[in-house]
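A quick write-up on the structure given underneath.
The values are calculated or read from the model by the stated rules, or taken from the named source; none is laboratory data. Keep in mind the model is a prediction, meaning the values are calculated, not measured. Here the Cβ positions follow ideal geometry from the backbone for every residue, glycine too, while neighbour counts run over all protein chains shown.
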């Protein structure tokens, strides 16, 4: 058989590569973004209860109404934006499905989608599968700021969508109110859709306020916002996410959702619905992860790495330019093989693999794991 790949040249994800190397070399895995501590026992018990109560068949394709209502309340309380549970909220099999559905629903052949680099690695393949063309704009400097003039110059009459991510993976930066207002101005009087990846919305530090696209009227009316319960509640393997959008956008997204997964895991939805009734379960996460960040940075304070504290997510970039002149990919590989510690080289996410001598470390780990990792980093 002669086969033609729809994604020629696509390599294995760097997350898969580094996690596989971590297993092969019995290394501490601070590469892939998952906690190595357990989710709340209350939440696990709620899943068990849901199964025992018989919620083991298909839920409504858009998600159970109780969970959609609680998401609506959360957005209204936190960001002042009301989304109708009936027509503007959909539960998905993880946030990646929500992102894929959103791109597939609206991007057509020869459409352009602006992607700010570095970027989560599912965006570009999804755009290409839809027949679109990713238009890449590099974030500036070692602190990854948006050059909005460059974004403006990238907009053409073929631009269908812009994708943003805040708090940002892999850099740990956040978009400010000023950033969002500039973006709102750029998109005024256009038909461009904004896809806002906000899976780390509750993991934001130092008293900073999350600037959700839903806060800004000119953005909210054109925005699809994607969220993740797995990232929020330390259970990435449960693969449950959601998206919110105006009804005219959600109508098209649901068409794709029905054809891809039809519905998301029913017992998990029941459990999350009960758990979200206590907002402190997500409101306390910023302080919890800021303590993790601060612990990690304190532990490595005597090392030769330099850093600016992460502003959000559970990732920390470390600059290793005082240690070696190696490419970040080579240093990351050596760190696994020789020192049994896995991290993510940031260059793989940049245009032309631009190398700032930085590695990304996930600090969503037990203190014991962070201490062992810091001992290695301080020895270099």
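Among the numbered conditions (1) in contact (Cβ under 8 Å) with a residue 60 or more places away in the chain; (2) closer than 30 Å to residue 190 by Cα; (3) within 18 Å of the chain's Cα centre (by Cα), tell me where residue 240 comes up short.
The failed condition is (2).
So that you can scan it fast, the table gives a plain yes or no per residue for (1) over 24 Å from residue 360 (Cβ atoms); (2) in contact with a strand residue (DSSP E or B) (Cβ under 8 Å, 6 or more places away or on another chain); (3) not assigned by TED's automatic domain parsing to the domain that holds residue 63:
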{"residue": "96", "(1), (2), (3)": "no, yes, no"}
{"residue": "99", "(1), (2), (3)": "no, yes, no"}
{"residue": "106", "(1), (2), (3)": "yes, yes, no"}
{"residue": "110", "(1), (2), (3)": "yes, yes, no"}
{"residue": "114", "(1), (2), (3)": "no, yes, no"}
{"residue": "123", "(1), (2), (3)": "no, yes, no"}
{"residue": "126", "(1), (2), (3)": "no, no, no"}
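Hey, among the residues in the range 80-107 that are in a loop (DSSP other than H, G, I, E, B) and either modelled with pLDDT under 95 or under 20 Å from the mean Cα position of the chain (by Cα) (or both), which one's nearest to residue 236 (Cα to Cα)?
Top of the filtered list is 94.
Yes/no matrix, rows are residues, columns are (1) surrounded by fewer than 20 Cβ atoms within 10 Å (Cβ to Cβ); (2) in the same structural domain as residue 261 (by TED's automatic domain parsing); (3) closer than 17 Å to residue 71 by Cβ:
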| site | (1), (2), (3) |
| --- | --- |
| 157 | yes, yes, no |
| 200 | no, yes, yes |
| 215 | yes, yes, yes |
| 218 | yes, yes, no |
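Are any residues in the range 149-181 more than 14 Å from residue 139 (Cβ to Cβ) and in contact (Cβ under 8 Å) with a residue 12 or more places away in the chain, and if so, which ones?
Result: 152, 155, 156, 158, 159, 160, 161, 177, 180, 181.
Within the range 54-71, track down each residue that is in a loop (DSSP other than H, G, I, E, B) and touching a residue at least 24 places away in the same chain (Cβ under 8 Å).
55, 56, 57, 58, 59, 60, 61, 62, 63, 64
Checking the conditions here, which among 279, 267 is over 22 Å from residue 76 (Cβ atoms), in contact (Cβ under 8 Å) with a residue 60 or more places away in the chain and either in contact with a helix residue (DSSP H, G or I) (Cβ under 8 Å, 6 or more places away or on another chain) or surrounded by fewer than 18 Cβ atoms within 10 Å (Cβ to Cβ) (or both)?
Exactly one residue qualifies, and that residue is 267.
Could you list all residues from the range 261-292 that are in a loop (DSSP other than H, G, I, E, B) and out of contact with any strand residue (DSSP E or B) (no Cβ under 8 Å at 6 or more places or on another chain)?
262, 265, 276, 277, 278, 279, 284
Only one of these is in a helix (DSSP H, G or I), touching a residue at least 12 places away in the same chain (Cβ under 8 Å) and under 21 Å from the mean Cα position of the chain (by Cα): 218, 230. Name it.
Answer to the selection: 230.
Give me a count of the residues in the range 3-28 that are touching a helix residue (DSSP H, G or I) at 6+ places or on another chain (Cβ under 8 Å), surrounded by 14 or more Cβ atoms within 10 Å (Cβ to Cβ) and either within 16 Å of residue 129 (Cβ to Cβ) or at pLDDT below 90 (or both).
Within the range 3-28, residues that are touching a helix residue (DSSP H, G or I) at 6+ places or on another chain (Cβ under 8 Å), surrounded by 14 or more Cβ atoms within 10 Å (Cβ to Cβ) and either within 16 Å of residue 129 (Cβ to Cβ) or at pLDDT below 90 (or both) number 1.
When you check residue 194 against the structure, is it farther than 15 Å from residue 146 by Cα and assigned to a strand (DSSP E or B), yes or no?
Yes; evaluated as a whole, the condition is true for this residue.
Can you find a residue that is part of a helix (DSSP H, G or I) and either under 22 Å from residue 55 (Cβ atoms) or not assigned by TED's automatic domain parsing to the domain that holds residue 169 (or both) anywhere in the range 241-250?
Within the range 241-250 (the criterion being part of a helix (DSSP H, G or I) and either under 22 Å from residue 55 (Cβ atoms) or not assigned by TED's automatic domain parsing to the domain that holds residue 169 (or both)), the answer is no, since none of the residues qualifies.
Return a yes/no flag: does the range 72-79 have any residue that is at pLDDT 90 or above, assigned by TED's automatic domain parsing to the domain that holds residue 236 and either in a loop (DSSP other than H, G, I, E, B) or surrounded by fewer than 15 Cβ atoms within 10 Å (Cβ to Cβ) (or both).
yes
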